[in-house]
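These notes are about the structure you will find just below.
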Amino acid sequence: MDLNNVFKNNKKWIKNKLAIDSNYFEELGKGQNPELLYIGCSDSRVTAEELMGAQPGEVFVHRNIANMVSGIDLNAMSVVEYAVTHLKVNHVVVCGHYACGGVKAAMQSADLGLLNPWLRYIRDVYRLHKDELNKIEDDNERYDRLVDLNVQEQCVNLIKTAAVQKAYRDRGLKVHGWVFDIKTGNLIDLKIDFEHILADIMEIYHLD
Ligand SMILES: [Zn+2]
């Protein structure tokens, strides 16, 4: 990617948009009403909108290393609060991806400095599912499974928030867990049983 081309590309993009709809930017400037909050990995290969075929205005996006949803991450929690309570999205997606560098780093014993506390959350997922994961002999298979389980646990973390619990009760908000298979381009729905998980964890995490 040549940075000298960025502004040239931008002008080309404006021209293309206006050719289809001369009011495009006027409409875009009026506000947003996204249906979906997407929480994904910062990995440069996993572009949120492009892989879903979504247009500007359709998806509220939050990305961090290994698509984590931590209750003490003010950034992620603010995004969830704003998207769910104020923009009133009807769906929240956690999207992981195979060949995730963050998940791989958490599977190895290495001191990665400032990254340690972040990766510790993924190590916690490993610990929670240690029995299942340790039974998988093939390293790559175990790695892929940890990606799936990490998505599942981040969905659970979403369900622990007051914003998600309230929106579920008031208007049937849904939480989804997806994985992007980087080697084939396929987006896979893990079909996480949101209602079952919700019922299961409510005994402990119910907030109102
Ligand atoms: Zn990743």
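Where residues in the range 29-51 are hydrophobic (A, V, I, L, M, F, W, C) and modelled with pLDDT under 95, which of them is nearest to Asn90 (Cα to Cα)? Across the range 29-51, the extreme among qualifying residues is Ala48. Of all residues in the range 1-32, those that are assigned to a loop (DSSP other than H, G, I, E, B), out of contact with any Gly (no Cβ under 7 Å at 6 or more places or on another chain) and not acidic (Asp, Glu) total 6.
Please verify whether the range 148-160 includes one or more residues that are modelled with pLDDT of 95 or more and over 14 Å from Val93 (Cα atoms). Among the residues of the range 148-160, at least one is modelled with pLDDT of 95 or more and over 14 Å from Val93 (Cα atoms), which makes the answer yes. Does Ala83 satisfy the criteria of being buried (at least 18 other Cβ atoms within 10 Å of the Cβ) and under 19 Å from Met52 (Cβ atoms)? Answer is yes for this residue. The set of residues in the range 113-163 that are of a type in the set (Asp, Glu), surrounded by fewer than 17 Cβ atoms within 10 Å (Cβ to Cβ) and closer than 14 Å to Val69 by Cα contains only Asp124.
Close contacts from the range 4-16, counting a first residue that is hydrophobic (A, V, I, L, M, F, W, C) and a second that is surrounded by 10 or more Cβ atoms within 10 Å (Cβ to Cβ), with Cβ to Cβ under 8 Å and a gap of 6+ residues or different chains, come to Ile14/Phe25.
Selection of the range 55-72 for residues being more than 16 Å from the ligand (Cβ to nearest atom) and among the charged types (D, E, K, R) yields only Glu58. Checked against the criteria, Asn16 counts as surrounded by fewer than 19 Cβ atoms within 10 Å (Cβ to Cβ) and away from the ligand (no atom under 16 Å from the Cβ).
On inspection, Leu158 qualifies as under 23 Å from Glu81 (Cα atoms), in contact with a strand residue (DSSP E or B) (Cβ under 6 Å, 6 or more places away or on another chain) and in contact (Cβ under 8 Å) with a residue 60 or more places away in the chain. Within the range 126-149, residues that are free of Cβ contacts under 8 Å to residues at least 24 places away in the same chain sit with their Cβ atoms under 8 Å from residues that are surrounded by 12 or more Cβ atoms within 10 Å (Cβ to Cβ) and of a type in the set (Phe, Trp, Tyr), at 6+ positions apart or across chains, in these pairs: Leu133/Tyr126. If you filter the range 96-112 down to residues that are under 13 Å from Ile122 (Cα atoms) and near the ligand (Cβ under 8 Å from one of its atoms), you find that the one that is surrounded by the most Cβ atoms within 10 Å (Cβ to Cβ) is Gly96.
The values are calculated or read from the model by the stated rules, or taken from the named source; none is laboratory data. Keep in mind the model is a prediction, meaning the values are calculated, not measured. A quick note on method: Cβ atoms are made from the backbone with ideal geometry, for glycine too, and the neighbour counts reach across all protein chains shown.
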